[in-house]
Amino acid sequence: MPRNGTGRGLLRLVASVAAVAVVSTVFVGGVAALSLTSQLKPGIALAGEETVPDIGAIEGGVNLLLIGSDGGEGNAAYGKREAELNDVTMLMHISEDHTNATVVSFPRDLLVDIPACTDEEGNQNRAVTSQKLNSSLGRGGLACTVLTVEKLTGLEIPYAAKIEMDGVIQMSTAVGGVDVCVGTAIRDRQIGFSLDAGEHTLAGWDALQFLRTRYGVGDGSDLSRNDNQRVFLSALVRKIKSEETLSNVVTVYGLAKAAISNMQMSNSLQNVNTLASIAVALKDIPLDSVLFLQYPGATGMAGSQSVVVPNKKDAAVLFGAIKADQQLAITGGLGNGSLTDPTVPEPVEPDAAAGADNAAGVEEGSVDAGTSTPPESTTEPTAPAIVDLPGTVKGQTAGTLTCSAGQ
């Protein structure tokens, strides 16, 4: 068993891995479970048996808080800890019309105000200000973290889930490994992890190490580590949603089992129909309409501790748009811990002259105008308003191919 100090550091690093497992539990595990169900042959009704209703997509939008705990429940190898921390906190929002989804990650070192909370033993903890977000779990469990994020964002969060640290090892192994790109080599001496530049398929412990690394990517900050985790998460979502994965019964079952066995849910998610209906709402959203964003802030120091100072002004723009259910556009690009995959070709701009020639060809073509079918309406549908996010809000879509930025 690790020494207290060493064990605590290991817990904090390994808990970051739960970011992937948490989001995957609902976004990916739900899709996997639905896919597995769809492969079953129609059942036979027995005498007196009630008909099982079809489960459709949940009505309206969804706000669901997903956290990764360093508690290590069920695994004594992680050792004992003084207080359980939520080293990963993510908020998933599904739009009212189910056309897009946004996942906002909150740095564990983000300074926040934590409201008064009651812990699982009934102890009352008073409200505190300017504390690290990852301390909220230890002050009152999952419910306290929900209250903290509600206060921070101004959003109502009716659903929440907590994942333990072993989830990513099991899920990455069940899916047959996750294909990630490393743009520049990762050399993290703090955890003894190295990865050369290039393409890698990561599973089990290697996947764990990739998600733990902080000092081997970007500027070595908590923000860069979050950037790196989004590289893995987007790659995992692409892998899960691929036909090669969803058509494999064994893979799908392994994913669903890994997700469920490592997760604790709020009472609002205990109903299987509710969880399934959220998955139904998610499963057909295109990859380019799934945004992974980071709460805006800057790395600073509070005494001898590294912290992330929130940018409340820009955060208000982000969560105001989410609350109004508006579409979001990323203007700030990627963070320091990731970069665009250099193998992706640049988009080719259409040739204006060729476009004009094509238009003329249509007008002068041999189709008899008298026999052609006129358009039903010349009125263009009104496009939904798109909010350009402040440049401090970094992120990417699930469809964006990115690489880790080493040091």
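The values are calculated or read from the model by the stated rules, or taken from the named source; none is laboratory data. Just so it is clear, the model here is predicted, and its values are computed rather than measured. Reconstructed Cβ throughout: ideal geometry from the backbone, glycine too, with neighbour counts over all protein chains shown. These accessible areas exclude ligands, DNA and RNA; they are computed on the full protein's heavy atoms, side chains included. Shrake-Rupley method; radii C 1.70, N 1.55, O 1.52, S 1.80 Å.
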- Sequence-distant residues sharing a close amide H with Ser136 (under 5 Å, placed H): Asn86
- Message: For a quick check of understanding: with a 1.4 angstrom probe and all protein chains in place, what accessible area in square angstrom does His200 have, to the nearest ten?
- Response: 50
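Taking 56 Å as R0, compute the FRET efficiency from the Cβ-Cβ separation of Trp205 and Glu156 and round it to 0.05.
FRET efficiency, Trp205 to Glu156: 0.90.
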- Task: Give me the number: length gained by fully extending Glu244 to Thr129, i.e. 0.36 nm times residue separation minus the C-alpha to C-alpha distance, one decimal in nm.
- Result: 36.6 nm
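To the nearest 0.05, what FRET efficiency results for Ser304 and Thr331 with a Förster distance of 25 Å applied to their C-beta separation? Walk me through the numbers before you get to the answer.
Values: r = 35 Å, r/R0 = 1.40.
For Ser304 and Thr331, the calculated efficiency is 0.10.
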- In whole Hz, the Karplus estimates of ³J(HN,Hα) for the stretch 132-137 (6.51, -1.76, 1.60; θ = phi - 60°; x where Gly or Pro) are 5, 4, 6, 8, 5, 5
- What percentage of the solvent-accessible surface of the stretch 84-177, computed with a 1.4 Å probe over protein heavy atoms, is contributed by carbon and sulfur atoms? 46
- Message: Run the simple label-point estimate for Arg189 and Ser268 please: 7 Å along Cα→C-beta, distance reported in nm.
- Response: 4.7
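So for the stretch 88-198, what are the equivalent ellipsoid semi-axes in whole Å, largest first, each being the square root of 5 times an eigenvalue of the Cα gyration tensor? Before the final figure, lay out the partial values.
On the way: eigenvalues 197, 80, 45 Å².
Three semi-axes, in Å: 31, 20, 15.
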- Task: Enumerate the amide H contacts of Asn100 below 5 Å, restricted to partners 5 or more residues apart or on another chain; note that Pro and chain-start residues carry no placed amide H.
- Result: Ser95
